[in-house]
Structures are given as C-alpha cells and as structure tokens.
Amino acid sequence: MRLYASPSLIALSAAPLVVHSLQLPFGIDIQIPAVLDAHLNTIKTQISQIQVPAFINKIIDPTGSSPLLSLHRDLVSIPSVTGNEEQVARFLETYLQSKGFKVELIPIQSPEYPKKRYNVFAYPEGGSRSAPILLTSHIDTVPPFLPFKDGLRTVHGRGSCDAKASVASQIIAAEELLAQKHITEDTVSLLFVVGEETNGDGMRHMNTYDLKWDAVVFGEPTELKLAVGHKGLAMLEVEAKGRASHSGYPNLGINANSHMINALYKLDNLKLPSSDLLGNTTLNIGVMSGGVAANVIPASAKAEVAIRIGAEHFIDVKVLVDDALKGIEGVEATWKQPHYDPVFCDHDLEGFETIALSYGTDIPNLKGRHKKYLYGPGSILVAHGDNEKIDKSDLYEAVKGYKRIVRGILNAKAVVVADPAKSETVVPPVKAAVVVEPSVQVVEPEVEKVVVPEASGDKEDYKKSDDEEKVEYVTILPVEPIYKHERKND
Ligand SMILES: [Zn+2]
C-alpha cells in the first residue's frame, strides 16, 4: 500500500538532526529525499499553524506533545560526546530557565578537553542553592554520536539511555513535584555534569564548591531499580622483561612470554574477595602482547588487566595481586588511574526492587557525607552499544520513581547505613531520623523535626493526577551485616 503523507495527518520531527525523516502516527517513519527539503519546510510551517485539539495532537505527535518525550528528544538530538558538552549545557540552561529555575553554568577546564564545557547547576527561583536533596546525572556520552530516532515504543540514539533518559526524567520529576506542591522551592536542586564517561572531571570539580547535600540521587541506567551499590575498579599493566635470542638456543635468552604466562595464570586463579551485596571481585585479562617472531625468544611481553572489586578496598586487592606476582622473574605490575573502592548505596526506600551493578559512576567523585541513591531508566547492557535505546514507558516510570525517591527521602523515618566498613559513607539522615547501625544500635539523633512539605489539594486529586500509590516509607529494614569479609572466587 502506498502512503500519501497528508499535511493534516503527519507530524514532522522537530529534532534538528532528523530533517529527512517524517514521523507518521503510531511510530511509522518514512525517509524523505534531500531534494524535498524545501517542500518539507513549507509543510512544516503550515502544520505548525494548524490548530488541533490536544487529544488529536497526542495521537499524531506523541513525542512533540509530551513534555517528557520532547525534552528527551531534544537532549538526545544534541551531540555531546565527552569534551563537546557546551551545546547541550546551553540547551539545558535555556530550558530550565523557561521552567522557572535559576541556572548556573559552571565552566570545567581540563587539559584533555580544550573546548568550552559546563556543568549545569539549577534550583527553583525563590529556592536555595543549598537544597537538601540533589538530583544529578551526566550530559556527556560515549562516542560515536548516534542520531535520535523515534519509534513506536522505543527511542534510539546516543545517550537515549545513558544518561539523557535520567536527565530528562529527573527534570520532569522536579517540575511535577513543584507543580503538585509535594515539595517547596528550597527542597531539590539539579546538577548535570560533564566528563562522567572518562575522567569524572565535571563531578570532581563540584568538590571545590561550598555545597553540601543531605541526599544525592544519581541518575544512571539501573533498570528502574534502586542500586545497592556498584563494584570498585582497579586497572594494572603487567610487564615481563626477558632477553632475546635464537629460538634454537633458548638457554641463551630469557623468555618474557613464559614469565608472563606464569604471571597471568596466577592472576587468573587468584582468590579475590566477595560480598553478598556486590558479588565476586572479577579479574579480566583484557590485552596481551609479547614477542616479535616465532623463531625469536621474546624479550618483552605486556598485558592489561581490569579488576572489578566486589568487596574490601582497592588497597586490599592490590596487595593480593602484588603478592601473587612477587618472585616471578622480570615481571612488574604498574597500577593505573582511575581506581576506586566498591561503592555502597543507600537503598532504604520501600517499594523498589534492588540491583547490584558492575559499572562505574560519578558517585565516588562527589565527596561528602550525603546519602547516596542510584536509580534510573534503561539498561546498562545497551548503554554504550551501537543500538543504544530506551523504552518510552521506562522514561515515564522513571519520573514516578524519582518523585517517590524524593518523597521517600523527605518522609524517611529509618535509615540503613550504606557501608558500615567505611566511615565516609556512614551518612546522617535527611533532617532527622533514626540511624540503625549494623550492631542493631538505635541512635537518637539530635532532635530536629522531619520537615515534610504538605501536598496541596486533597489526596484524591493527587492520586488521580499522578497515578501513584501512596507509599509509607517508615519501615525499619532488617538490619544485617551487609558487608562480608570473606575471600572466595567461585
Ligand atoms: Zn552513565
């Protein structure tokens, strides 16, 4: 069947980078040859002048008529591979200002990235720079840029999942919480940083600001689950030095490959620590090289190794690895940056499934004694691939999820300490609450009343408009040691 694109039926994608694509109702795309560009623009102008009822607009242009989907589309359409985040930061500045936020563009300078780049820090007009809750994610993406593509249920494009899905849903969540008077203007601030995909310079720069939060909600793809934490990271280069000689006279040389094989075998079979919460520490021998020809005794060999740490600390893993390599002739390990310990997140809110993650985030880059929540739409499994995508339903769910997290934090009556082994992550509750230590000690905080903003209107109205269930966030979770000092690797 041939499709005739009638101006009254079609909606053109407003995204600047998909000018050759016509989006029909129900997610059908047709490609328009470039020669029709001029006609397209005329049609576009005509369509924009047609007044149609909102419900028809929702059918013919589901993305354009949804504040959430259109914000997400605009973000994904702007290329922002690490080092090139200026345009997306300026877009967010304009967008957030138009929604009544006070916006600060914070310049980030890094020798690796010479172009202008900015973190975007925002809080509601009339609110406070030092609001107790921060919603944050990152605006940079991995390369290469993949253009926005709208489907029936799914959106494709670089950053559609990691992490512009989190950025868009955090912003809409904040807007809705404010509009529905579930929070006051001085409750939540927003921070969208550069550089998360490489060296974390955007988030680390925030440590130079005199800003503190009671709770920080980090947005990354967690499949709409509340993360219990993520593994730490250690990377090392192993080098073996030998002496070249003719392969027919191996006794005259020193075979670097043989020593490297011995070293890597030991590493591959090393018992490394694990925890119930984050699982095993895993070791990946990612790169190997050595020798110049089959008939030459190799004089040098190299390997690169990445270790995802499921328990204990970087330094403990380093000691185990260094010990394993000790005594192997000519073999040396060089430890690389970055490295960080396992990160334990707060997950003391009811009504969320939990997940343990094996990828890194900006959480360790933001210093402070704030509570740490990690939550977001989409799956890390598609995040950096050439078919990065997100389900539209996940975006809507994430808005609800962020709203529940913010309200849960405000309503919190019980707090589980994220990592009893690390004093830095033993964090005080937002406002006041009961801190439950692993030893089942109940500590009365300095009494300060929990401030829970009143919802405007009656509860029925709220339920109708938000379609959320009212959740009580008062249960003290079972308190068990969540950090197990046990070494096993199976
Ligand atoms: Zn990310």
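Taking the stretch 32-108 and the helices (runs of 4 or more DSSP H) fully enclosed by it, the elements with 2 or more residues that are at pLDDT 95 or above and either over 19 Å from the mean Cα position of the chain (by Cα) or closer than 30 Å to residue 402 by Cβ (or both) are at 67-77, 86-98. Note on the stretch 199-212: residues that are buried (at least 23 other Cβ atoms within 10 Å of the Cβ) and either more than 16 Å from the ligand (Cβ to nearest atom) or in a loop (DSSP other than H, G, I, E, B) (or both) total 0. In the stretch 75-92, the count of residues that are surrounded by 18 or more Cβ atoms within 10 Å (Cβ to Cβ) and either of a type in the set (Lys, Arg) or farther than 27 Å from residue 384 by Cβ (or both) is zero.
Residue-wise test of (1) among the aliphatic types (A, V, I, L, M); (2) surrounded by fewer than 23 Cβ atoms within 10 Å (Cβ to Cβ).
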residue: 189; (1), (2): no, no
residue: 194; (1), (2): yes, no
residue: 240; (1), (2): yes, no
residue: 257; (1), (2): no, yes
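Of everything in the stretch 214-227 that is crowded, with 22+ Cβ neighbours inside 10 Å and not in a strand (DSSP E or B), the residue that is nearest to the ligand (Cβ to nearest atom) is 220. Has the stretch 234-246 got any residue that is in contact (Cβ under 8 Å) with a residue 24 or more places away in the chain, assigned to a helix (DSSP H, G or I) and more than 29 Å from residue 107 (Cβ to Cβ)? No, because not a single residue in the stretch 234-246 is in contact (Cβ under 8 Å) with a residue 24 or more places away in the chain, assigned to a helix (DSSP H, G or I) and more than 29 Å from residue 107 (Cβ to Cβ). The numbered conditions (1) of a type in the set (S, T, N, Q); (2) more than 30 Å from residue 59 (Cβ to Cβ); (3) within 16 Å of the ligand (Cβ to nearest atom) are all true for residue 187 except (3).
Note on the stretch 161-184: among residues that are among the charged types (D, E, K, R) and within 16 Å of the ligand (Cβ to nearest atom), the one that is nearest to residue 131 (Cα to Cα) is 164. Just one of the listed residues (291, 351, 279, 327) is on the phi > 0 side of the Ramachandran plot and not assigned by TED's automatic domain parsing to the domain that holds residue 244, namely 351. Apart from one condition, residue 194 fits all of (1) within 15 Å of the ligand (Cβ to nearest atom); (2) more than 19 Å from residue 86 (Cβ to Cβ); the exception is (2). Output yes when any residue across the stretch 344-354 is crowded, with 20+ Cβ neighbours inside 10 Å and within 13 Å of the ligand (Cβ to nearest atom), and no when none is. Scanning the stretch 344-354 turns up no residue that is crowded, with 20+ Cβ neighbours inside 10 Å and within 13 Å of the ligand (Cβ to nearest atom). Quick one: how many residues across the stretch 314-327 are at pLDDT below 95 and surrounded by 14 or more Cβ atoms within 10 Å (Cβ to Cβ)? The qualifying residues number 0.
Regarding the stretch 379-398, can at least one residue be identified that is of a type in the set (S, T, N, Q), in contact with a helix residue (DSSP H, G or I) (Cβ under 7 Å, 6 or more places away or on another chain) and within 16 Å of the ligand (Cβ to nearest atom)? Steps first, answer last, please.
Initial filter on the stretch 379-398 (of a type in the set (S, T, N, Q)): 379, 387, 393.
Pick out the ones that are also in contact with a helix residue (DSSP H, G or I) (Cβ under 7 Å, 6 or more places away or on another chain) and you get none.
Within the stretch 379-398, none of the residues are of a type in the set (S, T, N, Q), in contact with a helix residue (DSSP H, G or I) (Cβ under 7 Å, 6 or more places away or on another chain) and within 16 Å of the ligand (Cβ to nearest atom).
Taken over the stretch 256-306, the criterion of being within 19 Å of residue 240 (Cβ to Cβ), of a type in the set (Asp, Glu) and in contact (Cβ under 8 Å) with a residue 40 or more places away in the chain is satisfied by 304 alone.
The values are calculated or read from the model by the stated rules, or taken from the named source; none is laboratory data. The structure presented is a predicted model; accordingly, all values stated were derived computationally and were not measured. Note that each Cβ is placed from the backbone with ideal geometry, even for glycine, and that neighbours are counted across all protein chains shown.
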